[in-house]
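The values are calculated or read from the model by the stated rules, or taken from the named source; none is laboratory data. Computed from a predicted model, the values in this text were never measured in an experiment. Every residue, glycine as well, gets a Cβ built from its backbone with ideal geometry; the counts of neighbours run over all protein chains shown. Side chains included, ligands, DNA and RNA excluded: accessible areas come from the protein's heavy atoms. Shrake-Rupley method; radii C 1.70, N 1.55, O 1.52, S 1.80 Å.
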Amino acid sequence: PSLVILDEPTGALDSRMEEKVMHLLSRVNRVHGTAIVQVTHSKKVAEYGKRIVYLKDGEITDETVF
């Protein structure tokens, strides 16, 4: 697909599996050009992104909310 949307893709995973999933998603993005949109509460997971959009109280903000 050209777009994958994920809601807390690593929320129930241990740290080792979290890293594997995020590396896989990064590879899918890099190799296939698939856009990955994810929602997360994890700063570590968010940092895999090329662009981070922060939401606070339903509004886009420049404020880091982690």
Cβ-Cβ cut-off under 12 Å around E63, Lys and Arg +1, Asp and Glu -1: the net charge is -2
Simple spin-label estimate for V37/V4, 7 Å along Cα→Cβ, in nm, reads 1.6 nm
Given unit charges at Cβ for Lys, Arg (+) and Asp, Glu (-), the dipole magnitude of segment 3-66 about its Cα centre in debye, nearest 20, is 420 debye
Regression test value, accessible area per residue of the chain, probe 1.4 Å, units Å², expected 81 Å²
Between the Cα axis of helix 15-32 and the main Cα principal axis of the chain, the angle (0 to 90°, nearest 10) is 80 degrees
Per the 1/(1 + (r/R0)^6) rule, R0 = 30 Å and r from the Cβ atoms of E59 and N29, FRET efficiency to 0.05 is 0.65
Given backbone amide H placed at 1.01 Å from N, residues whose amide H is under 5 Å from that of A35, ignoring those fewer than 5 places away on the same chain, are L3, V4
Expressed as a percent, the accessible surface of the chain that is carbon or sulfur, using a 1.4 Å probe and the full set of protein chains, is 53 percent
Once phi for every residue in segment 37-43 is put through the Karplus expression 6.51 cos²θ - 1.76 cosθ + 1.60 (θ = phi - 60°), the whole-Hz ³J(HN,Hα) values, with Gly and Pro written as x, are 10, 9, 10, 8, 9, 9, 4
Mean projected area, convex hull of alpha-carbon positions in segment 1-65, reported to one decimal in nm², is 4.7 nm²
Loop-resident GluC sites (Glu not before Pro) in the chain with no more than 15 other Cβ atoms inside 10 Å, DSSP not H/G/I/E/B, are E47, E63
Of all trypsin sites (Lys or Arg not before Pro) in segment 4-64, the ones in DSSP coil with at most 15 other Cβ atoms within 10 Å are K50, R51
For K44 and A12, extending 7 Å from Cα along the Cα-Cβ vector and measuring point to point gives, in nm, a value of 1.9 nm
Residues whose modelled amide H sits under 5 Å from the amide H of Y54, counting only those 5 or more places away in sequence or on another chain, are T61
